[in-house]
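*Asks:* Could you have a look at this structure, given as structure tokens, before my questions?
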Amino acid sequence: MPVASDVSGLASDDDVEGEGLPINELFYSLQGEGKLAGVPSVFIRTSGCNLRCWFCDSYHTSWEPTGAWLSIDDIVDEVRGYENTDHVVLTGGEPMIHEQSVRLLDELAEYGYHTTVETNGTVYRDAAIDLASISPKLSSSTPIPTRDPKGDGEWEMRHEKRRINLEALANLIDEYDSQLKFVVTDPDDLSEIDELFDQIREEADTSVANDDVLLMPEGMTREELDEKRNDVAELAIERGYRYTPRLHVDLWNDEPGT
Ligand SMILES: C[S@@+](CC[C@H](N)C(=O)[O-])C[C@H]1O[C@@H](n2cnc3c(N)ncnc32)[C@H](O)[C@@H]1O
Ligand SMILES: Nc1nc2[nH]cc(C(=O)O)c2c(=O)[nH]1
Ligand code: SF4
Ligand SMILES: [Mg+2]
């Protein structure tokens, strides 16, 4: 269900509460990333984000948010229409900026779905989450003027100030099964990942193992991934971290709804 109308209010960065949730797209595919890669799943993509990664592969949920407001009941009905899976992935944009995501997750849990939430880890909410798939954003994600897909670095400071919330990260890890999935743009990112991992381990009560840390190559297209995936795989081997492909990009490149 691709939808593409303006979502009024979402061009601002903070949560906007309406009836239900602003949905950018809802589709059925294979989970492409992380520990559940390969699992047939229904994807619900909310619109709106509190960050602006320069490389965001979901531009129409962050830099120019579009979508349609759907009621929670309508979203659940659409999900139930895909009969071959009991896995749902709630993503965005940033799904955790929306209070109504909690209601949606509760409803999905009532129907027995396994829920993965793809989140940047800046907002904690108490919800029916089976796997918190946390992708903390490194300094290399910041939209500096020379790497701004829309303006001239207007988001640089706000993004920089918000991108790490150690308390929210620790809460997510303590309350849910989780994985930490880092987008690697350059080998220089690794020292920052190591450092952040140490800080997270200090802040969280739950122990986090090296193989809960996943390195994912940055790339929206197959060609971009071709340039990076082997280097990132080598870095994972070197550190004892896990590597995750972007299976959907390998399979379908940058086709929408995959
Ligand atoms: C679009 S985000 C939505 C969820 C949440 N806002 C987040 O960033 O985790 C979904 C996933 O795609 C990753 N991602 C976005 N753009 C990417 C790119 N160009 N290359 C690799 N991963 C990317 C994010 O890090 C995140 O793991
Ligand atoms: N197939 C597929 N798997 C994914 N895993 C996480 C995704 C996301 O955008 O959050 C994603 C996505 O967009 N497509
Ligand atoms: S946090 Fe996620 S949705 Fe937001 S800009 Fe970054 S990659 Fe895109
Ligand atoms: Mg994606």
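*Asks:* Please report the relative contact order for the range 21-252, taking Cα pairs under 8 Å with a sequence separation of at least 6, and give it as a percent rounded to a whole number.
*Replies:* Details: 458 pairs, mean separation 41.6, N = 232.
Relative CO of the range 21-252 lands at 18 percent.
*Asks:* Quick one: length gained pulling HIS114 to ARG222 fully straight, 0.36 nm per residue minus the C-alpha distance?
*Replies:* On the way: separation 108, 0.36 × 108 = 38.88 nm, distance 2.90 nm.
Result for the pair: 36.0 nm of gain on full extension.
*Asks:* Ignoring ligands, DNA and RNA, what percent of the 1.4 Å accessible area of the chain is carbon and sulfur?
*Replies:* Working: 5090 of 11520 Å².
Carbon and sulfur: 44 percent of the exposed surface of the chain.
*Asks:* Extending each Cα 7 Å along its Cβ direction at ASP126 and GLU255, get the distance between those two points in nm, one decimal.
*Replies:* 4.3
*Asks:* Moving to a separate point now. Using Cα centres only, tell me the gap between the range 223-258 and the range 85-115 in whole Å.
*Replies:* For the range 223-258 versus the range 85-115, the Cα centre distance is 26 Å.
*Asks:* Arrange the residues HIS60, HIS98, HIS248, HIS114 by how much accessible surface each exposes, largest first, with a 1.4 angstrom probe. Write out the running numbers ahead of the final one.
*Replies:* Values: HIS60 90, HIS98 0, HIS248 30, HIS114 50 Å².
The ordering from most to least exposed comes out as HIS60, HIS114, HIS248, HIS98.
*Asks:* On a full-extension model of 0.36 nm per residue, what is the gain between ILE237 and VAL102, subtracting their alpha-carbon distance, rounded to one decimal in nm? Write down the numbers at each step before the final one.
*Replies:* Details: separation 135, 0.36 × 135 = 48.60 nm, distance 3.68 nm.
Result: 44.9 nm gained on full extension.
*Asks:* Working with all protein chains in place, sort ASP254, ASP189 by solvent-accessible area computed with a 1.4 Å probe, largest first. Working shown, then result.
*Replies:* Details: ASP254 100, ASP189 10 Å².
These residues rank, largest area first, as ASP254, ASP189.
*Asks:* Same structure again: Among residues other than LEU36 whose Cβ falls under 14 Å from its Cβ, what is the net charge (Lys/Arg +1, Asp/Glu -1)? Each step should come with its number before you reach the end.
*Replies:* Numbers: positive: LYS35, LYS181, ARG242, ARG246; negative: GLU33, ASP86, GLU118, ASP130, ASP177, ASP212.
It works out to a net charge of -2.
*Asks:* While we're here: How are the Cα pair distances of the range 79-161 distributed, in percent, across 5 Å bins from 0?
*Replies:* 3, 14, 20, 18, 14, 11, 9, 8, 4, 0
*Asks:* If you take the Cα atoms of the chain, find Rg, then find the Kirkwood Rh from the mean of 1/r over all pairs, what is Rg/Rh?
*Replies:* When Rh is taken as the Kirkwood radius, the ratio is 0.93.
*Asks:* With a 1.4 Å probe and all protein chains left in place, how much accessible area per residue does the chain have, in Å²? Don't skip to the answer; put the middle values down first.
*Replies:* Values: 11520 Å² over 258 residues.
Roughly 45 Å² per residue, with all protein chains present.
*Asks:* If you don't mind, another one. Can you check what the Kirkwood hydrodynamic radius comes to for the range 46-194, Cα pairs only, in Å to one decimal?
*Replies:* Working: mean 1/r = 0.0615 Å⁻¹.
When all Cα pairs of the range 46-194 are included, the Kirkwood radius is 16.3 Å.
*Asks:* Something else: With each pseudo-label sitting 7 Å past Cα toward Cβ, what's the ASP188-GLU83 distance in nm, one decimal?
*Replies:* The modelled label-to-label distance comes out at 5.4 nm.
*Asks:* Does the range 140-255 classify as rounded, prolate or oblate by the C-alpha gyration tensor (a ≥ b ≥ c root eigenvalues; a/c under 1.5 gives rounded; else a/b over b/c gives prolate, otherwise oblate)?
*Replies:* Oblate is the answer for the range 140-255, as a/c is 1.5 or above yet b/c matches or exceeds a/b.
The values are calculated or read from the model by the stated rules, or taken from the named source; none is laboratory data. Just so you know, these numbers come straight off a predicted model, no measurement behind them. Heads up, the Cβs are rebuilt from the backbone with ideal geometry, glycines too, and the neighbour counts pull from every protein chain shown. Areas reflect the complete protein model, heavy atoms only, side chains present, ligands, DNA and RNA absent. Shrake-Rupley method; radii C 1.70, N 1.55, O 1.52, S 1.80 Å.
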